[in-house]
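The values are calculated or read from the model by the stated rules, or taken from the named source; none is laboratory data. Note that this is a predicted model, so its numbers are computed, not measured. Heads up, the Cβs are rebuilt from the backbone with ideal geometry, glycines too, and the neighbour counts pull from every protein chain shown.
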Amino acid sequence: MRRWLMIVGVALCLTLSGCGKDEPNAAKATASKKKRKKSRKRRQRAAKDANKKAAKKVDKKDAADKAADKSKPVQKKPSVAEAQKPIKAEEGVAGEAKVQAKEGGKAAEAPTEAETKGKAEVVTEGRPADKESEPAAPAVKPAQAAQAPAPTINPEDAEAARKAAAAAMAEVVAREKRPTPSVAKPTNSIEPALDVTGYLTTVDLERVLGKRRRFVRQDLAGVKPSRAYNAVYFAPKRGGDFGISVQVWRDTNLIDSRTRFNSLKNTYTDVVATNRVTEQGFRAFYGGVVSLVFVDPRKPLLAAVSCSTKICKADKLIELCRRVAERLR
């Protein structure tokens, strides 16, 4: 019995000593849990504060853009009545027209009786005779011609001859006073092309695609550059794959820009609508080249960024397009 009692006592002592050791460990575990909860709450609070600050910055930027748009002067188009107003002639041209009218009027005045008689005789002599109505006059001898009376002139024929002579004189005067026409020489002026140098650079390509890939800037074959269109192309130094191109169109108004966007959308293949860059855009794929076409919502600008699928992945192409869209604004 004594042995059993001793064994039981020793067991109880060991049990009690073990329980005393576990109590501090449990307290430490609860304290560490509380610390973890507090740190987690701190991180959540910091993330919320950062999101609020970012939202405030975006709101401020949008407010500034709206204020800038409102402050821009609006160009008024001329009305239809103003466009149809007649243009006043210059004083020199009006004076010359008056002088010509006066000279023409003087030329059209009635000549003297002597001139009328002489011109009437010339006209009647030069006018061909009517064979059916007037018979041929018989030959007159010189003696009979001296005794014969002077021929009478019909007043109607004299009046017609006077009007014809006046009209001929007026036409001669008008021809002399008429200015000689001048032919404008064609000018060889060349319109400057749209500037697209700063929309995408080699520095942007290194930051987005990495420094391992090297590109050389070249001209993009196809549409000729003009005041409303231009393009830039970056060809890879190694390999014969297609590189990266940026095409920009600048129209006169938003309606023309949206019309161009719809026509391009009908031209490309495998078109899928997307708003990852701007509010309106689409992605197209053809021959191992993926293109992202998007429009500026506030300006008549349209851009298309194309890249080979061996060079650009989806996220890299979107990043390049966002850089272009930000500079278009």
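State yes or no: is Val203 farther than 15 Å from Ser306 by Cα, part of a helix (DSSP H, G or I), of a type outside the set (Phe, Trp, Tyr) and more than 21 Å from the chain's Cα centre (by Cα)? Steps first, answer last, please.
Details: farther than 15 Å from Ser306 by Cα: yes; part of a helix (DSSP H, G or I): yes; of a type outside the set (Phe, Trp, Tyr): yes; more than 21 Å from the chain's Cα centre (by Cα): yes.
When the stated conditions are applied, Val203 passes them.
Going through Ser17, Ser32, Ser39, Ser71 one at a time, which residue ends up being within 30 Å of Arg329 (Cβ to Cβ) and either of a type in the set (S, T, N, Q) or modelled with pLDDT of 85 or more (or both)? Even if it seems obvious, please write down each step before you answer.
Working: Ser17 fails: within 30 Å of Arg329 (Cβ to Cβ); Ser32 fails: within 30 Å of Arg329 (Cβ to Cβ); Ser39 fails: within 30 Å of Arg329 (Cβ to Cβ).
None of the other options fit; the residue is Ser71.
Looking at Phe215, Phe234, which one is in contact with a Leu (Cβ under 7 Å, 6 or more places away or on another chain), surrounded by 15 or more Cβ atoms within 10 Å (Cβ to Cβ) and modelled with pLDDT under 90?
Details: Phe234 fails: modelled with pLDDT under 90.
Of the residues listed, the single one that is in contact with a Leu (Cβ under 7 Å, 6 or more places away or on another chain), surrounded by 15 or more Cβ atoms within 10 Å (Cβ to Cβ) and modelled with pLDDT under 90 is Phe215.
Look at Arg260 and say whether it is modelled with pLDDT of 90 or more and not hydroxyl-bearing (Ser, Thr, Tyr). Please lay out each step first, then the result.
Values: modelled with pLDDT of 90 or more: yes; not hydroxyl-bearing (Ser, Thr, Tyr): yes.
For Arg260, the condition - modelled with pLDDT of 90 or more and not hydroxyl-bearing (Ser, Thr, Tyr) - is met.
Which residues, counting only those in the range 237-252, are in a loop (DSSP other than H, G, I, E, B) and buried (at least 18 other Cβ atoms within 10 Å of the Cβ)? Let's see the steps before the verdict.
If we filter the range 237-252 for residues that are in a loop (DSSP other than H, G, I, E, B), which is where we start, we get 237-243, 251-252.
Listed by number, the residues that qualify are Phe242, Gly243, Asp251.
Across the range 253-296, what is the total count of residues that are exposed (fewer than 14 other Cβ atoms within 10 Å of the Cβ) and under 30 Å from Gly240 (Cβ atoms)? Walk me through how you get there before you give the answer.
Of the range 253-296, the ones exposed (fewer than 14 other Cβ atoms within 10 Å of the Cβ) are 253, 255, 259, 262-263, 266-267, 269-270, 272-273, 275, 279, 286-288.
Checking the rest, the ones that are also under 30 Å from Gly240 (Cβ atoms) come to 267, 269-270, 272, 286-288.
Of the residues in the range 253-296, 7 are exposed (fewer than 14 other Cβ atoms within 10 Å of the Cβ) and under 30 Å from Gly240 (Cβ atoms).
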